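> Below you'll find the structure I mean.
The values are calculated or read from the model by the stated rules, or taken from the named source; none is laboratory data. Remember, it's a predicted structure, so these values are computed and weren't measured experimentally. Every residue, glycine among them, receives a Cβ derived from its backbone with ideal geometry; neighbour counts consider all protein chains shown. To get the accessible areas, we keep the full protein, side chains included, count just its heavy atoms, and leave off ligands, DNA and RNA. Shrake-Rupley method; radii C 1.70, N 1.55, O 1.52, S 1.80 Å.
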Amino acid sequence: MKAIIIGGSLAGLFTANALTAIGWQVEVFERSESELDSRGGGIVLQPEVVEAFVFSSIRPSGELGVTAPGRQYLDASGLMIGNARQPQMQTSWNLLYGYLKGALDSAHYHQGAELSHFEQDEHGVRAFFTDGREATGDLLIGADGPGSAVRSQLLPGLAPQYAGYLVWRGLVDEHRLPDSVVKALGDDFVFQQNPESLMLQYKVPGSHSELTPGLRRNNWLWYIKAEGEALEAALTDKNGVRRGHSVPPGLLAASEESRFRALADTQLNPAFKELVRLTDDLFVQAILDLKVPRMVFGRALLLGDAAFIPRPHTAGSTAKAAANALALARALQNHSALEPALAQWQQQQLTEGQRMVDWGVRMGNRLMAITHPKGGAK
């Protein structure tokens with residue numbers, strides 16, 4: 001059996017490795033022509049990711065991330081107003097991507113392959129790409145993220161909805177931090193809650209997946225409400241192009257960067273101010289909600305963020321992609337026929353995806369004091 005996987009990021013690679021482990025042939029098609037790289041860096045490591053690695057016989061050479069011993073809650077002056085011992089591990093997108101892609105035969109990973117459309121019948125599925133390439137298989141898997149081309153064909157008109165706030169992000173090499181910041185933050189997961197905004201930071205592996213103290217990075221995120229002109233300005237890059245949902249590092253408009261840095265100076269505690277000051281490349285993303293009514297469409301299916309986008313507060317997006325992939329492999333392994341396998345898989349994953357998105361909406365709206373969300377996820 002052969003799977004055509006559209007999307008070569010984490011969801012696609014989790015799926016490719018899990019299906020390879022049960023004896024399927026896979027072909028992964030990634031629309032980007034260049035090597036993928038993380039824009040955000042940090043991921044809270046969940047058990048589903050570790051389980052997917054074990055299932056696919058991916059054996060890391062060391063730890064998968066950096067452990068935070070607990071959580072701190074600071075006020076705007078830097079005073080600790082709460083703490084809790086709550087150990088957890090944070091990893092990086094780059095580290096997971098490196099292991100997942102390295103475990104897959106490079107001959108089956110195709111870059112610069114943008115899906116045009118696909119066709120299916122009772123015998124199989126055929127994918128057509130904008131550069132003239134074609135691929136045939138038994139199953140087509142849409143693992144191509146929030147802007148999924150596969151979803152656009154299967155569920156035209158269904159797209160992610162803006163949740164009412166943005167997340168500003170950045171990464172700082174640990175060795176650049178002043179002693180005062182190192183002392184204030186330690187290795188903890190640290191938060192500052194303001195009216196209608198929330199900032200947090202935690203340590204992640206270094207730019208080349210280093211785990212040694214001094215070589216790691218501090219990953220920070222600041223959630224801020226934005227509507228109307230403020231939203232338009234934030235998502236319009238330095239070239240005057242209105243971006244769909246994010247402005248990547250290096251493309252932020254100078255006026256927006258100045259405005260944001262001034263806001264940080266007036267609202268953040270001293271350690272967080274320093275994190276923003278030391279960040280060379282700020283970037284911003286819109287927080288989105290997405291739920292699909294179904295995941296299986298004959299021989300085509302949707303998984304990961306192509307199907308459900310949980311808000312980042314759940315720390316569940318990567319875990320959900322890993323769980324989708326692992327459950328799919330197990331369902332296909334346990335059934336001799338495709339249809340009952342996909343039906344079983346969809347029943348469980350659809351329920352879990354809807355639950356996670358709804359949970360994220362409730363959590364995010366509460367944290368951001370959003371009392372009248374614009375429809376939320378449908």
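> State all residues of the range 250-276 that are open to solvent by 30 Å² or more (accessible area, probe 1.4 Å) and hydrophobic (A, V, I, L, M, F, W, C); if no residue qualifies, say none. It would help to see each step written out before you state the result.
Taking the range 250-276 first, the residues open to solvent by 30 Å² or more (accessible area, probe 1.4 Å) are 250-251, 254-255, 257-259, 261-263, 265-267, 270, 273-274.
Matches in the range 250-276: Leu251, Ala254, Ala262, Leu263.
> Inspect all residues belonging to the range 147-158 and state whether any of them is farther than 21 Å from Pro293 by Cα and of a type in the set (S, T, N, Q). Quick ask: steps written out before the conclusion?
Filtering the range 147-158 for residues farther than 21 Å from Pro293 by Cα gives none.
Checked against the condition, which is being farther than 21 Å from Pro293 by Cα and of a type in the set (S, T, N, Q), the range 147-158 yields no hits at all.
> What pairs can you find where one residue is in the range 20-31 and polar (S, T, N, Q), the other is in a strand (DSSP E or B) and open to solvent by less than 40 Å² (accessible area, probe 1.4 Å), and their Cβ atoms are less than 6 Å apart, with a gap of 6+ or different chains?
Thr20/Val26
> Going through the range 277-334 one residue at a time, which ones are under 23 Å from Val44 (Cβ atoms) and aromatic (Phe, Trp, Tyr)?
Within the range 277-334, Phe283, Phe308 qualify.
> Mind listing whichever residues of the range 305-350 are farther than 17 Å from Met295 by Cα and small (Gly, Ala, Ser)? Steps first, please.
Looking only at the range 305-350, we keep the residues that are farther than 17 Å from Met295 by Cα, and these are 311-316, 318-319, 333-337.
Within the range 305-350, Ala315, Gly316, Ala319, Ser336, Ala337 qualify.
> Do you know which of the residues in the range 206-221 that are touching an Asp or Glu at 6+ places or on another chain (Cβ under 9 Å) and among the polar types (S, T, N, Q) is most open to solvent (accessible area, probe 1.4 Å)? So that I can check it myself, show each step before the final result.
Step one: list which residues in the range 206-221 are touching an Asp or Glu at 6+ places or on another chain (Cβ under 9 Å), which gives 206-207, 211, 213-218.
Add one more test, that the residue is among the polar types (S, T, N, Q), and what stays is 207, 218.
On the way: Ser207: 62, Asn218: 0 Å².
Step by step, filter the range 206-221, then rank; the result is Ser207.
> Residue under question is Tyr109, and the condition is that it be closer than 22 Å to Ala52 by Cβ, surrounded by 15 or more Cβ atoms within 10 Å (Cβ to Cβ) and touching a strand residue (DSSP E or B) at 6+ places or on another chain (Cβ under 9 Å); does it hold? Talk me through it step by step, then tell me what you get.
Details: closer than 22 Å to Ala52 by Cβ: yes; surrounded by 15 or more Cβ atoms within 10 Å (Cβ to Cβ): yes; touching a strand residue (DSSP E or B) at 6+ places or on another chain (Cβ under 9 Å): yes.
In short, yes.
> Please indicate, with yes or no, whether at least one residue in the range 58-81 is in contact (Cβ under 8 Å) with a residue 40 or more places away in the chain, in contact with a Lys or Arg (Cβ under 7 Å, 6 or more places away or on another chain) and loosely packed, with under 15 Cβ neighbours inside 10 Å.
yes
> Would you be able to say whether some residue in the range 283-302 is in contact with a helix residue (DSSP H, G or I) (Cβ under 6 Å, 6 or more places away or on another chain) and part of a helix (DSSP H, G or I)?
Checked the range 283-302: no residue is in contact with a helix residue (DSSP H, G or I) (Cβ under 6 Å, 6 or more places away or on another chain) and part of a helix (DSSP H, G or I).
> Next question, about the same structure. Can you tell me how many residues within the range 1-39 are among the hydrophobic types (A, V, I, L, M, F, W, C), farther than 14 Å from Tyr97 by Cβ and modelled with pLDDT under 95?
To start, the set of residues in the range 1-39 that are among the hydrophobic types (A, V, I, L, M, F, W, C) comprises 1, 3-6, 10-11, 13-14, 16, 18-19, 21-22, 24, 26, 28-29, 36.
Filter again for farther than 14 Å from Tyr97 by Cβ, leaving 1, 3-6, 18-19, 21-22, 24, 26, 29.
Add one more test, that the residue is modelled with pLDDT under 95, and what stays is none.
Final tally of qualifying residues: 0.
> Okay, next question. Can you confirm whether Asp281 is in contact (Cβ under 8 Å) with a residue 60 or more places away in the chain and crowded, with 22+ Cβ neighbours inside 10 Å? Steps first, answer last, please.
Numbers: in contact (Cβ under 8 Å) with a residue 60 or more places away in the chain: yes; crowded, with 22+ Cβ neighbours inside 10 Å: no.
Spelling it out, it is not the case that Asp281 is in contact (Cβ under 8 Å) with a residue 60 or more places away in the chain and crowded, with 22+ Cβ neighbours inside 10 Å.
> Report, by residue number, each residue of the range 349-362 that is open to solvent by 10 Å² or more (accessible area, probe 1.4 Å) and of a type in the set (Val, Ile, Thr). Walk me through it before giving the result.
Restricting attention to the range 349-362, the residues satisfying the condition of being open to solvent by 10 Å² or more (accessible area, probe 1.4 Å) are 349-352, 354-356, 358-359, 361-362.
Listed by number, the residues that qualify are Thr351, Val361.
> Separate question: When the range 269-317 is examined, which residues are found to be among the basic types (Lys, Arg) and closer than 18 Å to Ala11 by Cβ? Let's see the steps before the verdict.
Taking the range 269-317 and keeping what is among the basic types (Lys, Arg), we get 273, 277, 291, 294, 299, 311.
Listed by number, the residues that qualify are Lys291, Arg294, Arg311.
> Residue pairs, Cβ under 9 Å, 6 or more apart or interchain, first in the range 237-249 and within 22 Å of Thr279 (Cα to Cα) and open to solvent by 50 Å² or more (accessible area, probe 1.4 Å), second of a type in the set (Asp, Glu) and part of a loop (DSSP other than H, G, I, E, B). List them.
What qualifies is Pro249/Asp280; Pro249/Asp281.
> Considering each of Glu134, Glu114 in turn, give the residue that is in contact (Cβ under 8 Å) with a residue 24 or more places away in the chain and of a type in the set (D, E, K, R). First the steps, then the outcome.
Values: Glu134 fails: in contact (Cβ under 8 Å) with a residue 24 or more places away in the chain.
So the residue among Glu134, Glu114 that is in contact (Cβ under 8 Å) with a residue 24 or more places away in the chain and of a type in the set (D, E, K, R) is Glu114.
> Considering every residue within the range 326-348, establish whether at least one is modelled with pLDDT of 95 or more, surrounded by 19 or more Cβ atoms within 10 Å (Cβ to Cβ) and not in a helix (DSSP H, G or I).
Among the residues of the range 326-348, not one is modelled with pLDDT of 95 or more, surrounded by 19 or more Cβ atoms within 10 Å (Cβ to Cβ) and not in a helix (DSSP H, G or I), which makes the answer no.
> Further question on the same structure: Is it the case, given these coordinates, that Phe308 is closer than 16 Å to Glu352 by Cα and of a type in the set (Phe, Trp, Tyr)?
yes
> Also: When you go through Leu342, Leu350, Leu367 one by one, which is the residue that is of a type in the set (A, V, I, L, M, F, W, C), in contact (Cβ under 8 Å) with a residue 24 or more places away in the chain and over 30 Å from Ala3 (Cα atoms)? Even if it seems obvious, please write down each step before you answer.
On the way: Leu342 fails: over 30 Å from Ala3 (Cα atoms); Leu350 fails: over 30 Å from Ala3 (Cα atoms).
Unique residue meeting the criteria: Leu367.
> Could you tell me whether any residue of the range 148-167 is in a helix (DSSP H, G or I), within 24 Å of the chain's Cα centre (by Cα) and among the β-branched types (Val, Ile, Thr)?
Residues of the range 148-167 in a helix (DSSP H, G or I): 149-154.
With the extra rule that they be within 24 Å of the chain's Cα centre (by Cα), the set shrinks to 149-154.
In the following step, the residues that additionally are among the β-branched types (Val, Ile, Thr) were identified as 150.
Yes - at least one qualifying residue is present in the range 148-167.
> I've got another one for you. Could you grab me the full set of residues in the range 129-178 that are among the polar types (S, T, N, Q) and open to solvent by less than 20 Å² (accessible area, probe 1.4 Å)? Walk me through it before giving the result.
Filtering the range 129-178 down to residues among the polar types (S, T, N, Q) leaves 130, 136, 148, 152-153, 161.
The one that is among the polar types (S, T, N, Q) and open to solvent by less than 20 Å² (accessible area, probe 1.4 Å): Ser148.
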